[in-house]
Amino acid sequence: MKSSKLITELKQQYNTMRAKTETLFFEHHDSEQYMSDQTALIDDILYTLWNQSLKNAPVCLIALGGYGRKQLHPYSDIDILILTNEDISKDNYLFIERFIAVVWDIGLTISQSVHSLNTCLAFAKNDLNFMTNLLDRRYIAGDDNILSDLEQSLTEEPLWDSSAFFTAKLAEQKKRHQKYGNSSYNLEPNIKQGPGGMRDIQTIFWIAKHHFKIKTPQELVNLKFLTEEEYQSLIEGQRFLWQLRTRLHLLSGRHEERLLFEYQTTLAKEQSEVFDTTNAAVEAFMQKYYKTVKEINELKDLLLQLFDETILHNCDTSHYQPINERFHSINDYLEIKHPKFLQSNPEILIEIFLIMAKSPSIKGIRATTIRLLREHRHLVTETFRNKEIHCQFFVELFTQYGVISQQVRLLNRYGILENYLPFFKILVGQMQHDLFHMYTVDRHIIGILQNIDHFYNDQQVELFPHCSDAMKKIDKPIHLYLGAFFHDAGKGQGGDHSIIGAELAEKFCIQHNISTEGMQLITWLVRHHLLMSETAQRMDIYDPDVVAQFAQKIETKHRLHHLYLLTCADIHATNESLWNSWRSSLLRDLYLATLEHFSREKSHKIEAAKLVTQIQFQALGVLETDYFHEVQINDACELWQQWSNPYFLHHSPKRIAWHTAAILKHEIDPLILISPYRNQGGTEIFIYIKDKDYIFSNTTAVLDKLQLSIVEAQIITAKNGYTLDSFIVINKQGRMLADAAEINRLHQLLLKQLVALPVSPHLTKRRISRRLKYFNQTIKITIINNKRTEVHIRTSDRPGLLARIALAFVACNIRLINAKISTLGDQVEDIFFISDPQGNKIEQPATQQQIIQTIEAHILKGKTSR
């Protein structure tokens, strides 16, 4: 092999032809032609190299995997098998080594296996992945008799029994799907490995190749496993994914299978449609993707079940169970007795899901019936929707408490739900282009229903510790389920989705004969489904006036139970990572405080001062019981006279006693306590220190360095010149701190930082994550005056943000009284309660504007410093 000259020539040929192939792709957007041209180019180079070194050797070069299928994308691995009939001679082994080295020198990324025929067969017998690769074998160069011998061996003595291969591929698929959360609707889906992706299509064809010995996917039509229409739909979906994958590889310049946010934007802009905003274009593009993989999933389910019956059960239908005059089950899969039943009894299209809900032993719908549902879903028209029996079946489905989400998921998967409720078609595959909403709207709604099923079944109690008890207080769960189903129904239609959703819910209730009382509750829930989460995250829920105002909007305990459950289910189904012990306890505290408010007679409405007296009395009881050797009660009462009411309203008697005993017992400045209590869903840090500048900024800088998130903060300045600062923090996993070493390090770093005051903190510089960089939002700051002056800040999250805001407060000479910290995915929505140095509200417009400009400047400084 004349290495240097040949390598140079072939490398030049490869680069020239690859560039030409890419140019043709950008001109014609034909991924199939691209793959064909790319495969031919690689074939030509490998053939040339092979004949330079191993032309007459008893060795064969074989393409495997995607290369064998002639489906090479720009940065696909090139799988090859170098095969001999006998053990490889030393000379041939050296030639093979040089061949492989030259291939790499040219710039081809190959994945090679070198085997004798015997070792190849032995390896394939024990390795599922290699056996699967062999199914896509294709001759490239060398002694083709060796490939013929391999073909003969695989035919005469199959290495994998069909049942074993099918079962193993299903297990492999299940494991792969679990890696991606068993969802096709991830924000940045993997178009190859995710559910409904390219690997699922390949799995179908591999199983068919192995068992039925087909050569092309078209043969599945001849074998009656697919109709021509289903086949075309599957191939159309495959072509769409091919197009995306080719474009992704070229955009990223690497083997990239994920539809990352930055690529979604570029791909969306390449679409022919014109949209008002980039977000709208991305959402439309992703909706097309989600609908495509939904269709692939549906066809995959149908085919795999047919394969299951043929391969595992050998078409055995002996396990037959009658259900009623229209349904029976075979091998625990529900089937319509006769295809003609659907034409004369279209209510079957809804009834079948009701039967499923009532029959826990049934595993699913039989493939032949899935096909019938697909073929007849067009019968669900306006006339169908207006028939009383159909409405009755649909409403009855929402009375199958505990299993409702499963059936709604199937109604959606088989395309019947969007025909029965036309507004749902807009929701299918509709995403919101941010990091807060993790799922499409249809998937989100089903997730909420699933959470309510958990509440009803006493499941996931650790995740939702109070929801099962609240669920037992609801006499007609159907109203909660329907409120959850319609809460986001108005999205994608322009305007306030809560109002539009309530209107859709009202129309549904009237048509489906829901009682007036039920309709009022459902529409109220839809219209106000954000009320509780906004109150908990933006208001001081330990203030009796806030609770009273919230209760006034709720009006009844009955509504409160429903709204509490809907809110918990909604937040978790929006983004599981946002549901943590702190949010759970925050909503619980608001729920319980409001229940207590309702329990009092109106004439006994408690005032803040009286409530403070009650709390102090209870705290004295704790001091006398737990700290009687350490604290004099008179000293505690004298100390409390220095503290304002908000401190007592915000803390439990047990924590007040703990703080008080520590302050009276230790003459330390600063005093830092890290809470052992677990009732607030996070770790409390309590700091008692002589008031001075930079306390808040230095504290937040330390917490940021340790990557702890502040979810709530309270800053109280006492009459004696000390501040009582409380922070609730959680770690990166959304949990309280449990490791003693971690707590000790936190204590030491805080002490070191606060002892050095007053100095401006050193802010940690960390790289902003790729996702946060992409969602780099504008800064929106508003100042309003209610009981106190509130600064509302909405911006993209980034390291050191809170510390920079705190520095802005110092620069403006304003006091921080309280803070509500809320990070929703990529977005921060924080509220700070402030005053001037004398404790007064800040009402002058010029001063407010100066504060806004200073905060914005400090935030922007953080953005430009990295």
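The values are calculated or read from the model by the stated rules, or taken from the named source; none is laboratory data. What you are looking at is a predicted structure, and each value in this text was computed from that prediction instead of being measured. Note that we place each Cβ from the backbone using ideal geometry, even for glycine, and neighbour counts take in every protein chain shown. We work out accessible area using only protein heavy atoms, side chains counted, and drop any ligands, DNA or RNA first. Shrake-Rupley method; radii C 1.70, N 1.55, O 1.52, S 1.80 Å.
Scan the stretch 177-196 for residues that are open to solvent by 20 Å² or more (accessible area, probe 1.4 Å) and in contact with a helix residue (DSSP H, G or I) (Cβ under 7 Å, 6 or more places away or on another chain) and the total you get is 4.
Can you find a residue in the stretch 708-718 that is within 18 Å of His650 (Cα to Cα) and assigned to a loop (DSSP other than H, G, I, E, B)? Yes: one or more hits. Taking the condition within 17 Å of Lys209 (Cα to Cα) and open to solvent by 70 Å² or more (accessible area, probe 1.4 Å), does Lys125 pass? Against the criterion (within 17 Å of Lys209 (Cα to Cα) and open to solvent by 70 Å² or more (accessible area, probe 1.4 Å)), Lys125 qualifies. Residues in the stretch 142-151 that are open to solvent by less than 30 Å² (accessible area, probe 1.4 Å) and in contact with a helix residue (DSSP H, G or I) (Cβ under 9 Å, 6 or more places away or on another chain) were compared, and the one that is farthest from Lys175 (Cα to Cα) is Gly142. Looking across the stretch 328-354, the residues that are out of contact with any strand residue (DSSP E or B) (no Cβ under 7 Å at 6 or more places or on another chain) and aromatic (Phe, Trp, Tyr) come down to Phe341, Phe353.
Just to be sure before I move on: is Leu159 in contact with a helix residue (DSSP H, G or I) (Cβ under 8 Å, 6 or more places away or on another chain), over 16 Å from Gly68 (Cβ atoms) and modelled with pLDDT under 95 in the structure I sent? Here the answer is yes, as Leu159 does meet what is asked.
Within the set Ile404, Ile370, Ile426, the sole residue that is surrounded by fewer than 21 Cβ atoms within 10 Å (Cβ to Cβ) and either under 29 Å from His454 (Cα atoms) or in contact (Cβ under 8 Å) with a residue 12 or more places away in the chain (or both) turns out to be Ile426.
Counting only helices (runs of 4 or more DSSP H) that sit wholly inside the stretch 497-572, those with at least 2 residues that are over 30 Å from Tyr647 (Cα atoms), open to solvent by less than 40 Å² (accessible area, probe 1.4 Å) and out of contact with any His (no Cβ under 6 Å at 6 or more places or on another chain) are 497-511, 516-527. Do we have Tyr67 as open to solvent by 10 Å² or more (accessible area, probe 1.4 Å) and closer than 20 Å to Asn15 by Cα here? No. Filtered by the rule that a residue be assigned to a loop (DSSP other than H, G, I, E, B) and buried (at least 18 other Cβ atoms within 10 Å of the Cβ), the stretch 384-400 gives Phe398, Gln400. Given the criteria of a type outside the set (Ser, Thr, Tyr), buried (at least 16 other Cβ atoms within 10 Å of the Cβ), assigned to a strand (DSSP E or B) and more than 38 Å from the chain's Cα centre (by Cα), does Leu154 qualify? So Leu154 fails the test. For the stretch 435-467, the set of residues classified as in a loop (DSSP other than H, G, I, E, B), open to solvent by 30 Å² or more (accessible area, probe 1.4 Å) and of a type outside the set (S, T, N, Q) consists of Phe436, His437, Met438, Tyr439, Asp458, Val461, Glu462, Leu463, Pro465, His466, listed by residue number.
Residue-by-condition table, conditions (1) at pLDDT 95 or above; (2) open to solvent by less than 20 Å² (accessible area, probe 1.4 Å):
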{"position": "Arg98", "(1), (2)": "no, no"}
{"position": "Val102", "(1), (2)": "no, yes"}
{"position": "Leu108", "(1), (2)": "no, yes"}
{"position": "Thr119", "(1), (2)": "no, no"}
{"position": "Ile140", "(1), (2)": "yes, yes"}
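Do we have any residue at all in the stretch 218-235 that's open to solvent by 20 Å² or more (accessible area, probe 1.4 Å) and under 23 Å from Asn129 (Cβ atoms)? Looking for residues that are open to solvent by 20 Å² or more (accessible area, probe 1.4 Å) and under 23 Å from Asn129 (Cβ atoms), one finds none in the stretch 218-235, hence no.
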